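The next block holds one structure in the form of structure tokens; read it before the comments.
The values are calculated or read from the model by the stated rules, or taken from the named source; none is laboratory data. No experiment lies behind these values; they were computed from the predicted model shown. We place every Cβ from the backbone using ideal geometry, glycine too, and count neighbours over all the protein chains shown.
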Amino acid sequence: MTIFESIILGAVQGLTEFLPVSSSGHLQIAKALLGVEIEENLVFDVTLHAATVLSTIVILWPEVKRLLVGLFSRHFNDEQAYVLKLVISMIPIGIVGFALKDYLNAMLESPYILTIVGAMLLLTAALLSFAYYARPREKEQISYRDAFIIGLSQAVASMPGLSRSGTTIATGLLLGNKKSAVAQFSFLMVLAPILGEMFLNVVKGEIVFGSIGILPLVCGFVTSFLVGCAACKFMLGIVQKGKLIWFAVYCAVAGVVSIVCNFV
């Protein structure tokens, strides 16, 4: 992999991690268009995801700081309740990560990966459209039950091409939660799973750079972080304005193109 290719892929990851268009799906499409073949596919993808986790912490730092300060209070408070909801939401993805990691990694190397990605992008488009037109009664705050259901949707979004942010935000909106609250919760709930995956890779000695190279990996990480910061701020505003339908249209078009490209 060249430095230029890693920068392009980092930009794709940083932009699409927060937009409801599937970062994993677009990474696979970008790799196919660039003709990039990586032996350590999952390691590279997780590294770029770690960069966007860092951008989330930077953009949402006031909220992250408030939660950290409140977490160490001796009395149960709103911040501790919110963190508990985040933990509950992480349970499903943790189970999927341990049980299906090898299967998901093998799927990324499938010759039919673009067809899979295309199908999941079409499903993302359907979810975003449904969430846009549905008008459930709004709740004041995300409940423990809602946190777990949103967590289940995040676990399902492990499928390449099914947008994590799109799926979790759409699920939260369909459950009747406020737009701003759902967007923030969606971005915060992914922090621990991605950092945990990175930590496990280091502990198990799976961070290898054979076909990647350290410099391209660093360039991809930095690009993903910088673009991710801009995309995170942009997406928070878009969700608040309720403009998700345009992303549904985009996902539908991208899904069809991805499927067609697999057979051309």
By residue number, the members of region 1-10 that are of a type outside the set (Phe, Trp, Tyr) and either modelled with pLDDT under 90 or farther than 13 Å from SER55 by Cα (or both) are MET1, THR2, ILE3, GLU5, SER6, ILE7, ILE8, LEU9
Restricting the search to region 126-145, which residues are over 14 Å from LYS179 (Cα atoms) and surrounded by 23 or more Cβ atoms within 10 Å (Cβ to Cβ)? LEU127
Enumeration of residues in region 35-71 that are at pLDDT below 85 and surrounded by fewer than 16 Cβ atoms within 10 Å (Cβ to Cβ): GLY35, GLU37, GLU39
When GLN141 is evaluated against the numbered criteria (1) farther than 28 Å from TYR112 by Cβ; (2) modelled with pLDDT of 80 or more; (3) not in a loop (DSSP other than H, G, I, E, B), which criterion, by number, is the only one it fails? (3)
Restricting attention to helices (runs of 4 or more DSSP H) lying wholly within region 1-100, give those where 1 or more residues are in contact with a Ser or Thr (Cβ under 9 Å, 6 or more places away or on another chain) and more than 14 Å from PHE221 (Cβ to Cβ). 3-16, 23-34, 61-71
Listed residues ALA147, ALA119; which is aliphatic (A, V, I, L, M), modelled with pLDDT of 95 or more and part of a helix (DSSP H, G or I)? ALA147
Any chance you could count how many residues in region 227-264 are part of a helix (DSSP H, G or I), more than 17 Å from LEU162 (Cα to Cα) and hydrophobic (A, V, I, L, M, F, W, C)? 12
May I ask you to say which residue of PRO160, PRO111 is within 17 Å of the chain's Cα centre (by Cα) and part of a loop (DSSP other than H, G, I, E, B)? PRO160
It is to be established whether one or more residues within region 93-109 are surrounded by 22 or more Cβ atoms within 10 Å (Cβ to Cβ) and within 26 Å of ALA181 (Cα to Cα). yes
